[in-house]
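Report on the structure given below.
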Amino acid sequence: MPTLAVSVETGAEEGAVPLDVILVDLSDLLLRGREMQEVANGLGLTLETARFHTKRVLSKTGTRRQTELMRLMLSLPGPDNNLPV
């Protein structure tokens, strides 16, 4: 399974999956348990565009389902693993 590590300011770490800022924001909202329509509204996107970006995240991380993506994100070290909803 690929790693998911992003530093928006300095770029992706070696061996990490580079994600655009919009994809990081979208993934974060999904991880926090938001529904896709809430994610779209929160990012100022249409529902269709949010779904398109979700498919991009899945493709870039080598995951096939949102649950796989969430599992991957939760397995990463970092301060956000105890997410407030």
>> Pairs please, first residue from the stretch 33-54 and on the phi > 0 side of the Ramachandran plot, second anywhere and in a loop (DSSP other than H, G, I, E, B) and surrounded by fewer than 15 Cβ atoms within 10 Å (Cβ to Cβ), Cβ atoms under 7 Å, 6+ apart in sequence or on different chains.
In response: Gly33/Val85
>> Restricting to the stretch 45-85, and then to whatever is farther than 12 Å from Leu26 by Cα and of a type in the set (Gly, Ala, Ser), can you tell me which residue is modelled with the lowest pLDDT?
In response: Gly78
>> Looking only at the stretch 20-35, count every residue that is surrounded by fewer than 16 Cβ atoms within 10 Å (Cβ to Cβ) and under 15 Å from Thr67 (Cα atoms) and tell me the total.
In response: 4
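The values are calculated or read from the model by the stated rules, or taken from the named source; none is laboratory data. Keep in mind it's a predicted model, so treat the numbers as computed, not measured. All Cβ positions, even for glycine, are placed from backbone atoms using ideal geometry, and neighbour counts span all protein chains on display.
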